[in-house]
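One structure below.
Every number here is computed from the coordinates shown, using simple stated rules; none is lab data. Small disclaimer: the values here were computed from a predicted structure and weren't measured. Here the Cβ positions follow ideal geometry from the backbone for every residue, glycine too, while neighbour counts run over all protein chains shown.
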Amino acid sequence: MSDTKPYRETTPGDLITADLFNDIQVQTRDEIARRIAEALAGVKEVDRARDSAKLEGKTAQEWADSIVDRAIKALPARTGYRCVYRRLRWDEPAVVAHGLGAYPLVDVCQLALFDAVVSADAMQTVEQVNWYLYHRTEMKIRRPREDTRQPALVTIEESRPPVFKHTFQSMLDLHGVKYTEQSTLGDVVNEFWKKLFSAPNDPFDETTFGNSPWMDRCCGDRRTVESLKRGGEWNDLFLKVVPQRIVYSDGPMLARVDHYNLDEVGLTIMRPPSFKSAARVADAQKLALTEATTGFVTEARDETEIPVMVLLKV
């Protein structure tokens, strides 16, 4: 056991509050800044006099902020937290191997479908997807074909908050996707989709996710992460996903959670949906989203399957 004393001592089962977490961040930043300042004070040779207070072009405070930010991004994977994507079928238990070594709190959010202009090899179509990568300039995208029965523009991001979106960077960090500054955007995107649909997540059909025209074009140009950052575009990349937690005021329980042991849980959707109505979309081949009387929104693409995001926390 290390002799290093914690900033704020806690014991197993203690509640991690916002005040506690913020205090630890402040103390960590202060100590890192102090240690880096001490290291900089010991530097005797520098290339230029004006860089004498910097290390690799960064000040002590900039290094401290960078280190703490990276630590914060790694916390979810190290503090007993899991985010898993599964395809649940009615009355069929699905086992989630979380490996947390405890009985976690479990929450289930359904992933809603939404319209998006999906582009692959410069071929564009309007599809209903659960995940979508796009650029900041693509809040609204023109439909690839004229259709007077549909709006000319497909809305990806509403102009007023709140909106469903995550920075691509934050999703790469959350799911542990590895890349370098010289990696091409196309390679990073492919690795992201591969990681997102690998164990413990379920594999999802290619029809459930897609890239925007900007992303498709940029991937084809083989631009690197470094060039995107240099051009100020790396932070303009976003992922849209719409997880919705349904709260039931009455009726039978729909989602059952079985804690098989300290490392596995089982999830079961207990009751099939009953539809209020079903409507045809423009192409007359896909059913629109319909709301079940239970509150679940079920896609007609496969009425027996529900895509969900499972959150586990100890």
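Shown here is the pair-distance distribution of region 113-241: with all Cα-Cα distances grouped in 5 Å bins from zero up to the longest one, the shares run 2, 10, 20, 24, 21, 14, 6, 2, 1, 0 percent. Taking 0.36 nm per residue of separation and subtracting the Cα-Cα distance, full extension of the segment from residue 229 to residue 170 would add 19.8 nm.
Using the Cβ-Cβ distance between residue 142 and residue 81 with R0 = 45 Å, the FRET efficiency computed as 1/(1 + (r/R0)^6) comes to roughly 0.70.
As a calculated quantity, the FRET efficiency between residue 150 and residue 97 at R0 = 41 Å, using C-beta atoms, amounts to about 0.40. Near residue 194, once Lys and Arg are set to +1 and Asp and Glu to -1 for all other residues with Cβ below 15 Å from its Cβ, the sum equals -3. For the pair residue 121 and residue 264, a Förster radius of 45 Å applied to the C-beta separation gives a FRET efficiency near 0.65, rounded to the nearest 0.05. Between residue 206 and residue 31, the contour length at 0.36 nm per residue exceeds the alpha carbon distance by 58.3 nm.
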